[in-house]
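Trainee: Let me begin by handing over the structure; questions about it come next.
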């Protein structure tokens, strides 16, 4: 079947139909989720080639965008058909917030240290929702809830560690699986000195991959001057640093200014440290991003002109 190329990542065949990988790129919804929406909820009905490959038309892409808008408003995937005016079987009245339900089930699994149940819920939610919604509506509130449980003595450090290790392993696997698909701007990602917790940075990088960014991931507690060589060798367009703890004082007075002077690309800093030390970052030549993932990605795009 002949194809014409629209861009480096967008294919369309001679009949105006898109393969699933292209639809995933255009909408930000991964292929697993698109297939789940089709099989489990009958929301999208692509045509099939003789070999069984799915092909979508523009109306399908428009429908996916409508579904994303509804999901972003907090409507569960199971309620989407009703909101789209499609026939609904076995309608359930008074459904609860799907994210609150997922959070409660995951907390129950964590309390019991039940890896199988945790794995089931994690895989289920990521099969139905885009990763950005998963991060915004489940992971971040869940981490906050676990912290509150520990502070109130209702939970324990063991629970937090159990989930943190699980999440880091899962996000790391997902990161490496998707990292070779990106073709956009490239940045070096690292945690600042003293920052040992990588989950915030990993969540950011996963969202960045969904926005077609290329990521060279270095991880926790990275001395700033160690970033110079990776920037040069990887031909990176930017550096992204993340931290939620106070770095050594010399970072603002010595290390960050030296790094900014040593490389020819912007140095972005995210996390709560970027809010607390905003003025110090600007004075040192860096660019503070704050703690919101989507706002940070948008600011990076504006600064890089992409």
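Trainee: Kindly list the number of the only condition in (1) at pLDDT 90 or above; (2) in the same structural domain as residue 16 (by TED's automatic domain parsing); (3) surrounded by 13 or more Cβ atoms within 10 Å (Cβ to Cβ) that fails for residue 120.
Mentor: The one condition residue 120 does not meet is (2).
Trainee: Now for a separate question. Within region 155-162, is there a residue that is within 26 Å of residue 295 (Cβ to Cβ) and not assigned by TED's automatic domain parsing to the domain that holds residue 40?
Mentor: No, because not a single residue in region 155-162 is within 26 Å of residue 295 (Cβ to Cβ) and not assigned by TED's automatic domain parsing to the domain that holds residue 40.
Trainee: Follow-up question, since we're still on this one. Of the conditions (1) over 21 Å from the mean Cα position of the chain (by Cα); (2) in a helix (DSSP H, G or I); (3) surrounded by 20 or more Cβ atoms within 10 Å (Cβ to Cβ); (4) assigned by TED's automatic domain parsing to the domain that holds residue 21, residue 64 clears all except one; give me its number.
Mentor: If we test residue 64 against (1) over 21 Å from the mean Cα position of the chain (by Cα); (2) in a helix (DSSP H, G or I); (3) surrounded by 20 or more Cβ atoms within 10 Å (Cβ to Cβ); (4) assigned by TED's automatic domain parsing to the domain that holds residue 21, just (1) comes out false.
Trainee: Would you confirm, using the coordinates I've provided, whether residue 139 is under 18 Å from the mean Cα position of the chain (by Cα), in contact (Cβ under 8 Å) with a residue 60 or more places away in the chain, closer than 17 Å to residue 165 by Cα and not assigned by TED's automatic domain parsing to the domain that holds residue 292?
Mentor: yes
Trainee: Go through region 123-154 and report how many residues are more than 24 Å from residue 73 (Cβ to Cβ) and buried (at least 19 other Cβ atoms within 10 Å of the Cβ).
Mentor: 1
Trainee: Separate question: If you go through region 128-156 one residue at a time, how many are assigned to a helix (DSSP H, G or I) and closer than 30 Å to residue 178 by Cα?
Mentor: Qualifying residue count for the region: 18.
Trainee: Continuing with the same structure: Could you check residue 207 against (1) in a helix (DSSP H, G or I); (2) modelled with pLDDT of 90 or more; (3) not assigned by TED's automatic domain parsing to the domain that holds residue 126 and say which number it fails?
Mentor: Among (1) in a helix (DSSP H, G or I); (2) modelled with pLDDT of 90 or more; (3) not assigned by TED's automatic domain parsing to the domain that holds residue 126, residue 207 violates only (2).
Let's see how each residue does on (1) farther than 21 Å from residue 194 by Cβ; (2) outside the structural domain of residue 296 (by TED's automatic domain parsing); (3) modelled with pLDDT under 95; (4) touching a helix residue (DSSP H, G or I) at 6+ places or on another chain (Cβ under 9 Å):
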| residue | (1), (2), (3), (4) |
| --- | --- |
| 217 | no, no, yes, yes |
| 221 | no, no, yes, no |
| 240 | no, no, no, yes |
| 252 | no, no, yes, yes |
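Trainee: Regarding residue 231, is this residue in contact with a helix residue (DSSP H, G or I) (Cβ under 8 Å, 6 or more places away or on another chain), in contact (Cβ under 8 Å) with a residue 40 or more places away in the chain, buried (at least 19 other Cβ atoms within 10 Å of the Cβ) and not assigned by TED's automatic domain parsing to the domain that holds residue 130?
Mentor: no
The values are calculated or read from the model by the stated rules, or taken from the named source; none is laboratory data. Bear in mind that the values here come from a model prediction, so they are computed numbers and not experimental data. Positions of Cβ are generated from backbone atoms using ideal geometry, with glycine treated the same way; all protein chains shown enter the neighbour counts.
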